[in-house]
Structures are given as structure tokens and as C-alpha cells.
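The values are calculated or read from the model by the stated rules, or taken from the named source; none is laboratory data. In this text, all values refer to a predicted model and were calculated from it rather than measured experimentally. Don't worry about glycine lacking a Cβ; one is built from the backbone with ideal geometry, like all the others, and counts go over all protein chains shown.
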Amino acid sequence: MTTREPHRPLFSSLSDAECHSLLERNHTGRLAFMNANRVDIEPVSYVAVGSWLFMRSAGGSKLEALAHTPYVAFEVDEVKSALDWRSVVARGTIYWMADDGQYVEEATVDRAVQALRSFQPHALRDDDPTPFRRTVYGLHIDVLTGRKAEIGDSTSQPDTAPSRSSRPHTDGF
């Protein structure tokens, strides 16, 4: 009688559609940026719309750092267990959403505000629960990659070929 090997984790790339779906399902992620010659990372609330992630913040060191170096990475995870997770990383540029269309088209600003209100209906209104978060900005996604781990059976093979938009991964991440 033969015994079956224990389940092994399978690591693979997420498709573009899976990456966008994960971004749209969630509203909290981590924004990584340069701050005084060091990498900093902070949790932020966001809303995903197409190739944009819209956010808002209060003034402070994060916004000052982004004004000097707007190139960032953004990560969102869904973790069920150590061997069952999904992770998406978006890389791109931060753009300020100004009412006068100075940085982006006014239609993009309107879309940002509507998107934020779809998640927080009172955002940027008189009854806003976080009225100090007045600065609206967006991350325009230039590169989007995703990975997942899931338990497979002993006959399954891990995905060793990276998706067209991801870099090679040798450590399962």
C-alpha cells in the first residue's frame, strides 16, 4: 500500500484580472515611498478604479515626501493562512487631485471624489468623519503584479513561468 505525500504549497502568478479584482475587493493597503533617503511604508485607505488607486490624507510628512519623490509601490494582501494567500503590488506615480485641473484632468478629480464617496459616502462633505483628510491623491498604476500561494496535491506542479508583467520569483513571493 502506498501513502500519499502531504499537501504542498503551490506558488503562482495572478492574472491581470485577478490582480484588479483583489484591489477592488479591498480598501486598505500599504503605500511604500521614499522619505528622507529611507523607504517608509504606511497603511492607507483607498479605492481602486481602472488604472488608478485613489486615496486621501491629512497634511504631514508622507505628503511632503510624496511631493518630492512621487514614485511609489503599493501592496494589498488577502491572507487565509501561511500557505493560502494572495498579494498584489502596484507600482506607479502619485498625482495630486486639484479642483483646478493643475495636475490631472478635472474629470479624473471628479472620478476620484466619486470613488472615495462610494467607499465612504460622507467623504469631503460637511459631515465627513475624518475632515482633516482633505488632500486627495491618486496612484496611477504603471506596473501591476500579483502572486498567490495555495495548497495543492502531490501531483500538482508549481508555476515556474512568471506572468508577462511580473519579474521572476525564486523564493515563492
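One line per residue, one yes/no per condition, for (1) modelled with pLDDT of 85 or more; (2) in a helix (DSSP H, G or I):
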{"site": "Phe54", "(1), (2)": "yes, no"}
{"site": "Leu63", "(1), (2)": "yes, yes"}
{"site": "Tyr95", "(1), (2)": "yes, no"}
{"site": "Gln102", "(1), (2)": "no, no"}
{"site": "Ala107", "(1), (2)": "no, yes"}
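Give the residue that is surrounded by the most Cβ atoms within 10 Å (Cβ to Cβ), with candidates limited to residues of region 11-42 that are free of Cβ contacts under 8 Å to residues at least 12 places away in the same chain and farther than 23 Å from Ala115 by Cα.
Ile41
Pull out all pairs, ordered by first then second residue, where Cβ-Cβ is under 6 Å, the residues are six or more apart or on different chains, the first lies in region 54-67 and is among the small types (Gly, Ala, Ser), and the second is part of a strand (DSSP E or B) and surrounded by 19 or more Cβ atoms within 10 Å (Cβ to Cβ).
Once the first residue is among the small types (Gly, Ala, Ser) and sits in region 54-67, its partners that are part of a strand (DSSP E or B) and surrounded by 19 or more Cβ atoms within 10 Å (Cβ to Cβ) give Ala65/Phe33.
Condition first: under 19 Å from Pro70 (Cα atoms) and either without any contact (Cβ under 8 Å) to a residue 40 or more places away in the chain or of a type in the set (Phe, Trp, Tyr) (or both). Now tell me which residues in region 124-155 satisfy that.
Tyr137
Go through region 59-94 and report how many residues are touching a helix residue (DSSP H, G or I) at 6+ places or on another chain (Cβ under 9 Å) and surrounded by fewer than 18 Cβ atoms within 10 Å (Cβ to Cβ).
Final tally of qualifying residues: 2.
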